[in-house]
1. Could you tell me which residue out of 163, 267, 362 lies farthest along the dipole of the chain toward its positive end? Charges go on the beta carbon: Lys and Arg +1, Asp and Glu -1, centred on the Cα centre.
2. Keeping all protein chains in position, work out how much accessible area residue 176 exposes to a 1.4 Å probe, and write it in Å² to the nearest 10.
3. Per q in 0.12 1/Å, what log10 I(q)/I(0) does a Debye calculation on the alpha-carbon atoms of the stretch 260-392 return?
4. With springs connecting C-alpha atoms under 10 Å apart, model the chain as a Gaussian network and identify which of 30, 222, 189 has the largest mean-square fluctuation.
5. Specify the inter-centroid distance of the stretch 125-203 and the stretch 341-394, based on alpha-carbon positions, in whole Å.
6. Before I look further, what does the stretch 260-392 give for accessible area per residue, probe 1.4 Å, in whole square angstrom?
7. Here are some pairs, 181/255; 83/302; 195/235; 235/342; 255/342; which of them have Cα atoms lying more than 28 Å apart in this structure?
8. Compute the distance in nm between two label points, each set 7 Å from the Cα along the Cα-to-Cβ direction, one at residue 239 and one at residue 126.
Amino acid sequence: MSEDPRDWEVETRLVRGGMDRSGYGEISEALFLTQSFSYENAQAADDRFAGTSPGFIYQRFGNPTTQMFENRLALLEGADVCKATASGMAAVHVAMQGLLKAGDHVVAGRALFGSCRWILSEWLPRFGVETTVVDAIDLESWKNAVRPNTKVFLVESPANPLLEITDIQAVADIAHAAGAKLIVDNVFATPIFQKPLTLGADIVVYSATKHIDGQGRVLGGAILGAEALMNESYKDIIRHTGPALSPFNAWILLKGLETLELRVTRQTENAARLADLIADHPRVRACVYPGRADHPQAEIVKRQMTGGGTVVAFDVGTREAAWNFLDKLAIVDISNNLGDAKSMATHPSTTTHRSMGEEERLKIGLTEGWVRISVGLEGIGDLSRDVSRALDGN
Ligand SMILES: *Cc1c(COP(=O)(O)O)cnc(C)c1O
């Protein structure tokens, strides 16, 4: 009997999806550290280059280990095609470039990962592409930003660092009415808790560096979407500009996927418990967590996410109080990464969102009292004690 992997449960997809065994019957996926491939004869090389026979040509175009990672992630996402990239930023950059040309216009949510903002504000203008940034939770502002030459909408939901939620379905409808494509950066939601393609997005991008590795080792990224769009917009740019993921990193990420659901489920349980503890602390002015009923967009969370995610943000009022909190932590690390097995806390206004400038930071509500915690896999008793003590200032 052969099974269709698309009928499998998520857990099975993550452990067995995309598996392509060599002749040795290895149980763990093989790591093919090879740059190129040989052909049986000259005719076979001709056929492979012509695309009339399947098979690999060169690591920049594809590799068996990388392809197993791509197929496993595509199966999880419910996408026809996944193309892996060397980092999350390579994925965002290629995802934009593949859809844009000089004279085009982009509409993007204001709260974006710092390097994504740099691509929009500093890089794409060099090639004649303009961007309008909007308040992503305000649907009217997306509509009003549309121009006749708008080709791409870009949004991150939940957004970094204050975890605003955008109604992906509604924004997809606005994009499509304008003849534009919607790209969703789904890092904070993870492929376990949110499926942007089913909500109408055209392209999903990941930094696989985050939850997919989840153990602090390698960079990676991915672009996912329907076959026609992926082939038309991304196949050539990926082959010829070289953002390919290393097969070694693909192998790490492939093994990361096996435990992704287990890890993010536990991390989310820990995050929910910590969010409650933080929200109830007298020194905390505001606590934002998508899994809490008091999240400003809790209704949308309920519709489009199946879990609150692994990140909690909270405001302790001043930079001094925020830094004091970080400096008192004994278990949680001070670090700007996220999605890791190890819990990490950061002060966004002086680190990840430093380059944004104060005026822009205030537009997204990011004052100096905010702290962001990426919750890991440590015991919840230890995490609760560490965070409570640091909030108490002891
Ligand atoms: C980390 C991150 C990126 C960039 O990913 P890298 O792997 O660091 O290049 C892009 N978007 C979001 C939301 C991220 O958290």
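The values are calculated or read from the model by the stated rules, or taken from the named source; none is laboratory data. A quick note: this is a predicted structure, and the numbers were derived from the prediction, not measured. So basically every Cβ, Gly included, is an ideal-geometry build from the backbone, and we count neighbours across all protein chains shown. The protein model used for the area step is the full one, side chains on, heavy atoms only, and it has no ligands, DNA or RNA in it. Shrake-Rupley method; radii C 1.70, N 1.55, O 1.52, S 1.80 Å.
1. So the residue we want is 362.
2. About 80 Å², ignoring ligands and nucleic acids.
3. Ignoring solvent entirely, the Cα scatterers give -0.43.
4. 30
5. 25 Å
6. That works out to 45 Å² per residue.
7. Numbers: 181/255 32 Å; 83/302 30 Å; 195/235 23 Å; 235/342 36 Å; 255/342 18 Å.
Distance filter (> 28 Å) returns 181/255; 83/302; 235/342.
8. Result for the modelled spin labels: 2.6 nm.
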